[in-house]
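Undergrad: This is the structure I have questions about; it appears just below.
The values are calculated or read from the model by the stated rules, or taken from the named source; none is laboratory data. Everything numeric in this text was worked out from a predicted model, so none of it was measured. Virtual Cβ from ideal backbone geometry, glycine too; neighbours counted across all protein chains shown.
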Amino acid sequence: MTGAALRLAIVGVGWAGTRQTESVGELGDGTLQVVCLVDPDVDHLTDRSKVLGVERICSDLPEILADPDIDAVSICSPHRFHCEQAVAAAEAGKHILVEKPMSMDVDEATRMIDAASKAHVCLYVAESATYQPVASFLRDVVRQGRWIGELTAASVSAGFRAPAYGYPDRRAWLAQPEHGGTGTWALHGIHTIAQMRYVLGEVAVVYAHQHRAASFERDDVEATVSATLTLDSGLMVQLLQTAETKIPPMLAGYVLHGDRGSLHAGPAGCRIFTDEDHGTLVDIPAARHSEHALELEAFAATVAGVEGPTTGLSERRSLAVVEAGYESMRTGLPVDLEQRFGVL
């Protein structure tokens, strides 16, 4: 890499690629520069170029990978293309930022990790949930034992109600399994799992069940997943991910129980319950930037040698929890991650 800024090509200029380009502008610190937009849809690409103010556009990824003036690529294409594109980028000597989920399964993620390692380039995952203010706040609470003491139990609830479960226009593929899309466990649960791991620790065993209400209109994807996750620490976490229930803010998020108290943290804020505090509202400090800008900042720092939290190795573990969850739903049995995937 030459110059002060990491010169970045955005691969796939849909919602995620647009958001990433805007987030580089939000950072405004000169560590990253979007120098090219890449997308096979030339008409859409031309429009995005004008809106985002990025002059150079290209519909051919190999051309960009061969360009020595590109230091890194951000892969924002449909999930089924992530592995192939990331491996090609690594072989071309480019650092790689890839949108979550990093790949379709753990085997693909391992291919990507191995390719990046062999080429001595960075593989980093744009997992925005890890950079939300609640994540760093609760991580500190748990590690310091603040208010609630040592954890004894935990639950995490996330979701929304969408009986038809789908996305419009260019994003329609997200919910179409035939095009690499998925149900809510993979598409949204990957966020919940990644953040939960960052806050509470690594998962050892996954035991998951799915549910569909009569009002849910699709039978080819899961509507609600209830999972019991056993962490390496021995803590049991109950996780709910749903696309058929609108969870009110006062019930969404984390409930953490400890030997000295409990707390609830979610969209409605954080409330502490101890012998002395009966629902005291505690502020969750705001972040310096949006979660999307912070993940880009962490990518640039990792390339520079200061490793951030959502490396390829880290987020392969999130993907393993998702894959194990689907296996558990199919078999009705718990899945031990190390027995299933080896050391991750």
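Undergrad: Just to check your reading of the model, which residue among SER103, SER74, SER128 is in contact (Cβ under 8 Å) with a residue 60 or more places away in the chain, hydroxyl-bearing (Ser, Thr, Tyr) and touching a Phe, Trp or Tyr at 6+ places or on another chain (Cβ under 9 Å)?
TA: SER74
Undergrad: Criterion first (touching a strand residue (DSSP E or B) at 6+ places or on another chain (Cβ under 6 Å), of a type in the set (A, V, I, L, M) and assigned to a loop (DSSP other than H, G, I, E, B)) does VAL54 satisfy it?
TA: yes
Undergrad: Another question, if that's okay. Can you find even one residue in segment 148-161 that is at positive phi, surrounded by fewer than 18 Cβ atoms within 10 Å (Cβ to Cβ) and touching a residue at least 40 places away in the same chain (Cβ under 8 Å)?
TA: Yes.
Undergrad: Return yes when LYS94 is under 16 Å from ALA300 (Cβ atoms), of a type in the set (Lys, Arg) and surrounded by 18 or more Cβ atoms within 10 Å (Cβ to Cβ) and no when it is not.
TA: Values: under 16 Å from ALA300 (Cβ atoms): yes; of a type in the set (Lys, Arg): yes; surrounded by 18 or more Cβ atoms within 10 Å (Cβ to Cβ): yes.
Here the answer is yes, as LYS94 does meet what is asked.
Undergrad: Would you call LEU319 over 26 Å from ASP29 (Cβ atoms), of a type outside the set (S, T, N, Q), in contact with a strand residue (DSSP E or B) (Cβ under 8 Å, 6 or more places away or on another chain) and touching a residue at least 12 places away in the same chain (Cβ under 8 Å)?
TA: No; evaluated as a whole, the condition is false for this residue.
Undergrad: May I ask you to say which residue of ASP60, ASP69 is in contact (Cβ under 8 Å) with a residue 40 or more places away in the chain, under 22 Å from ALA119 (Cβ atoms) and not assigned by TED's automatic domain parsing to the domain that holds ARG171?
TA: ASP69
Undergrad: Looking at this structure, is GLY17 part of a loop (DSSP other than H, G, I, E, B) and small (Gly, Ala, Ser)? Explain how you work it out, then say what you get.
TA: Details: part of a loop (DSSP other than H, G, I, E, B): no; small (Gly, Ala, Ser): yes.
It is false that GLY17 is part of a loop (DSSP other than H, G, I, E, B) and small (Gly, Ala, Ser).
Undergrad: Sticking with this structure for a sec: Assuming ALA265 fulfils every condition listed in (1) modelled with pLDDT of 95 or more; (2) assigned to a strand (DSSP E or B); (3) at positive phi; (4) small (Gly, Ala, Ser) apart from one, which condition is it?
TA: The one condition ALA265 does not meet is (3).
Undergrad: Then there's this: Suppose we filter segment 237-262 for residues that are assigned to a strand (DSSP E or B) and more than 29 Å from GLY166 (Cα to Cα); how many remain?
TA: Filtering segment 237-262 down to residues assigned to a strand (DSSP E or B) leaves 237-242, 244, 253-258, 262.
Remaining after also requiring more than 29 Å from GLY166 (Cα to Cα): 255-258, 262.
Number of matching residues: 5.
Undergrad: Give the residue, chosen from GLY325, GLY234, GLY266, that is under 17 Å from the mean Cα position of the chain (by Cα) and either in the same structural domain as THR31 (by TED's automatic domain parsing) or farther than 25 Å from GLY28 by Cα (or both).
TA: On the way: GLY234 fails: under 17 Å from the mean Cα position of the chain (by Cα); GLY266 fails: under 17 Å from the mean Cα position of the chain (by Cα).
That would be GLY325, the only listed residue that is under 17 Å from the mean Cα position of the chain (by Cα) and either in the same structural domain as THR31 (by TED's automatic domain parsing) or farther than 25 Å from GLY28 by Cα (or both).
Undergrad: Exactly one condition in (1) in a helix (DSSP H, G or I); (2) surrounded by fewer than 20 Cβ atoms within 10 Å (Cβ to Cβ); (3) hydrophobic (A, V, I, L, M, F, W, C) is false for ILE193; which is it?
TA: (2)
Undergrad: If you check ASP39, ASP105, which single one turns out to be over 22 Å from ALA298 (Cβ atoms), of a type in the set (Asp, Glu) and in contact with a Gly (Cβ under 9 Å, 6 or more places away or on another chain)? First the steps, then the outcome.
TA: Values: ASP105 fails: in contact with a Gly (Cβ under 9 Å, 6 or more places away or on another chain).
Just a single option satisfies the conditions, and that option is ASP39.
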